[in-house]
Amino acid sequence: MSPHLEKNVLAVLDRVVRVQRAELVRLARGEGLGAEEALDCVHDAFCTFLELALRGELPEDPSEHAPLIAGIVRNTARNKRRRHHLARPHIAVDTVEPSDPTPSSETLVAHAEECVRLRGCVNRLCKTQRTVVLMRLLEERPGEDVATTLGLTRGHVDVLLYRAKASLLVCMSEEEERSPA
């Protein structure tokens, strides 16, 4: 690597570290990691970035460097979470957490309607995705247990769950648009 390019890469990394460090840590935390693990992910991402620079594999356009590091942080965080079997916290489907100790009847009816819409969206999923959603989210079974029960790999179960959640999100937003206000 030429000294000019090395200086340029270090300048880019220095700028990204100062400007985006907090955002990158938030990104890793958003993937379900603790503060210390998130900081480790960001550090690992910077090391990977430097390795790419040393091999001459960085995009030529400097505006693509920050998104590249963000993608590396996201993937590193997901891999770390998978390796350590850390599940992102989730809220149970049937849980009502009202700000008032006594929710109004309209709030309860709206929540019940949302649960019915969600159940309808779950029923629209293919059989395998539906089974994974029911076992992982409703029964709160560990991913390894679900994988063993279904004869799949843990990674395949994770992919099925991710895709099912994306489908449910689309379905729920479509259902919300259709419902009368």
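Here the extension length gained between Arg18 and Ala166 equals 49.9 nm, from 0.36 nm per residue of separation less the Cα-Cα distance. Under a model in which nothing but the beta-carbon of Lys, Arg (+1) and Asp, Glu (-1) is charged, region 3-83 shows a dipole of about 380 debye around its Cα centre.
Once both labels are positioned 7 Å from their Cα atoms along Cα-to-Cβ, the gap between Leu10 and Leu54 label points is 1.4 nm. Multiplying each eigenvalue of the alpha-carbon gyration tensor of region 3-83 by 5 and taking the square root yields semi-axes of 23, 12, 10 Å, largest first, rounded to whole angstroms.
Given the convex hull of the Cα atoms of region 105-178, what is a quarter of its surface area in nm²? Walk me through the intermediate numbers first.
On the way: hull surface 20.7 nm².
Average of the hull's projected areas for region 105-178 equals 5.2 nm².
Computed from the coordinates by the stated procedures, all read-outs in this text should not be read as laboratory data. Given the structure is predicted, the values throughout are model-derived calculations rather than measurements. Heads up, the Cβs are rebuilt from the backbone with ideal geometry, glycines too, and the neighbour counts pull from every protein chain shown.
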